[in-house]
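Chemist: Structure incoming, see below.
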Amino acid sequence: MANETRIRPDTESLILSGEPELEYQPVVDLTSGRLLGFEALLRWRHPDEGLILPGLLLPWLEANGDIVQLGEWVLMEGCQQATHWPQNIQLAVNLSLVQLRRGVGSRAVSEAIARSGIDPGRVTIEVTEHAMVEEVAMNDLRTIGALGVELAVDDVGTSWTSFDVLRRMAVNTVKIDRSFVGSLEPQQGINRLVVETVVSLAHSAGISTVAEGVETSQQAAIVREFDCDAAQGYFFAPPLSIELATELANEPGFCFSFEGAGWAEHQFVGSPSHEPIVHEPYHRPA
């Protein structure tokens with residue numbers, strides 16, 4: 001309790017004395033190792049506490065409603081930065097359930113696209129499974145989908161939303177929760193079953209899959225074995241600064257190695273050509 005008491009006042013002052021910033025984690029094609037896009041991840045830098053991670057920051061912001069304004073900033077900043085990447089590189093941005101419940105998520109997405117000039121098809125909006133069971137949130141999601149962006153559902157496997165609901169909501173991608181991916185060892189039969197089942201159900205509904213939190217070569221091998229489409233995690237690369245993300249996005253013709261993380265050591269495999277590789281965003285074609 002003493003630590004909780006110390007944290008609370010500091011958390012309350014973050015929005016006034018800190019500064020938001022974004023990091024970008026690569027999403028990698030599990031067939032070729034090619035870069036498909038980045039997920040924009042919110043960070044907050046406090047003058048005394050240093051980097052404040054979302055686990056502490058976001059619950060307070062959501063409880064106080066400040067997540068709406070900050071969510072608008074994340075969308076705008078991410079879309080502006082993505083205009084410096086090649087056209088085949090996707091940007092994924094998380095949208096808060098608070099924004100959807102208030103019916104303002106679609107407005108934020110629309111404004112970010114209009115002001116940045118980014119192609120809507122290059123933007124993926126990520127939401128949690130809870131957004132699939134609340135009518136107001138679902139209505140705002142339908143409006144967002146009508147803008148031409150991609151829709152992804154995060155942390156799939158924790159609540160088991162009906163895939164029929166996801167199909168009717170025109171969801172393009174489901175992201176398998178890291179808690180299952182992180183336990184993909186031979187003896188962890190239930191986690192293997194969950195991952196394999198999610199991939200199978202998603203593909204049967206025409207929805208692509210991304211494995212989150214891939215940290216070892218064994219995990220990468222298993223999700224590839226299960227025909228998962230893409231993955232992200234420290235095995236490939238940690239969240240990157242905008243400078244490193246832009247450098248990576250503009251590196252022509254490379255593929256991530258499945259033997260090791262690669263980017264941190266600037267070791268790539270694949271085409272020696274300097275011609276950029278053209279590929280689809282990480283959703284499955286209709």
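Chemist: Consider segment 128-152. How many of its residues are modelled with pLDDT of 95 or more and under 16 Å from the mean Cα position of the chain (by Cα)?
Modeler: Selection size over segment 128-152: 4.
Chemist: If I go through segment 128-151 residue by residue, how many of them are in a loop (DSSP other than H, G, I, E, B) and either of a type in the set (A, V, I, L, M, F, W, C) or under 18 Å from Phe163 (Cα atoms) (or both)? Explain how you work it out, then say what you get.
Modeler: Restricting attention to segment 128-151, the residues satisfying the condition of being in a loop (DSSP other than H, G, I, E, B) are 133-134, 146-149.
Filter again for either of a type in the set (A, V, I, L, M, F, W, C) or under 18 Å from Phe163 (Cα atoms) (or both), leaving 133-134, 146-147, 149.
Result for segment 128-151: 5.
Chemist: If you take the residues in segment 98-140 that are over 24 Å from Ser241 (Cβ atoms) and touching a Ser or Thr at 6+ places or on another chain (Cβ under 6 Å), which one is surrounded by the most Cβ atoms within 10 Å (Cβ to Cβ)?
Modeler: Asp140
Chemist: Quick one: in segment 44-88, which of the residues that are buried (at least 16 other Cβ atoms within 10 Å of the Cβ) and in contact with a Pro (Cβ under 7 Å, 6 or more places away or on another chain) is farthest from Ala245 (Cα to Cα)?
Modeler: The qualifying residue farthest from Ala245 (Cα to Cα) is Leu70.
Chemist: Additional query: Are any of the residues in segment 206-216 more than 17 Å from Met132 (Cα to Cα), β-branched (Val, Ile, Thr) and at pLDDT below 90?
Modeler: Within segment 206-216, one or more residues are more than 17 Å from Met132 (Cα to Cα), β-branched (Val, Ile, Thr) and at pLDDT below 90.
Chemist: List every residue pair whose Cβ atoms lie under 6 Å apart, where the two residues are 6 or more positions apart in sequence or sit on different chains, the first residue falls within segment 136-157 and is farther than 20 Å from Gly103 by Cβ, and the second residue, located anywhere, is in a loop (DSSP other than H, G, I, E, B).
Modeler: Glu150/Asn172; Glu150/His283; Asp155/Asp177; Gly157/Asp177
Chemist: Moving on. With part of a helix (DSSP H, G or I), touching a Cys at 6+ places or on another chain (Cβ under 6 Å) and modelled with pLDDT of 95 or more as the only criterion, which of Ala108, Ala112 stands out?
Modeler: Ala112
Chemist: Okay, next question. Of (1) touching a Gly at 6+ places or on another chain (Cβ under 8 Å); (2) of a type in the set (Gly, Ala, Ser); (3) modelled with pLDDT under 55; (4) surrounded by 14 or more Cβ atoms within 10 Å (Cβ to Cβ), Gly233 satisfies all except one. Which?
Modeler: Just one mismatch for Gly233, condition (3).
Chemist: Output the number of the condition that Thr246 fails; it satisfies all remaining conditions of (1) assigned to a helix (DSSP H, G or I); (2) in contact with a Gly (Cβ under 8 Å, 6 or more places away or on another chain); (3) modelled with pLDDT of 90 or more.
Modeler: (2)
Chemist: Being modelled with pLDDT under 85 and not hydroxyl-bearing (Ser, Thr, Tyr) is the filter; apply it to segment 164-184 and report the residue that is surrounded by the most Cβ atoms within 10 Å (Cβ to Cβ).
Modeler: Here the residue is Leu184.
Chemist: Could you look through segment 24-43, keep only residues that are out of contact with any Asp or Glu (no Cβ under 7 Å at 6 or more places or on another chain) and of a type in the set (A, V, I, L, M), and pick out the one that is surrounded by the fewest Cβ atoms within 10 Å (Cβ to Cβ)?
Modeler: Per the stated criteria, the residue is Leu42.
Chemist: Turning to a different aspect of this structure: In segment 116-135, which residues are acidic (Asp, Glu), touching a residue at least 12 places away in the same chain (Cβ under 8 Å) and more than 22 Å from Ala249 (Cβ to Cβ)?
Modeler: Result: Glu129, Glu134.
The values are calculated or read from the model by the stated rules, or taken from the named source; none is laboratory data. This is a predicted model, so every value here is computed, not measured. Counting neighbours? That spans all protein chains shown, and the Cβs are built from the backbone with ideal geometry, glycine included.
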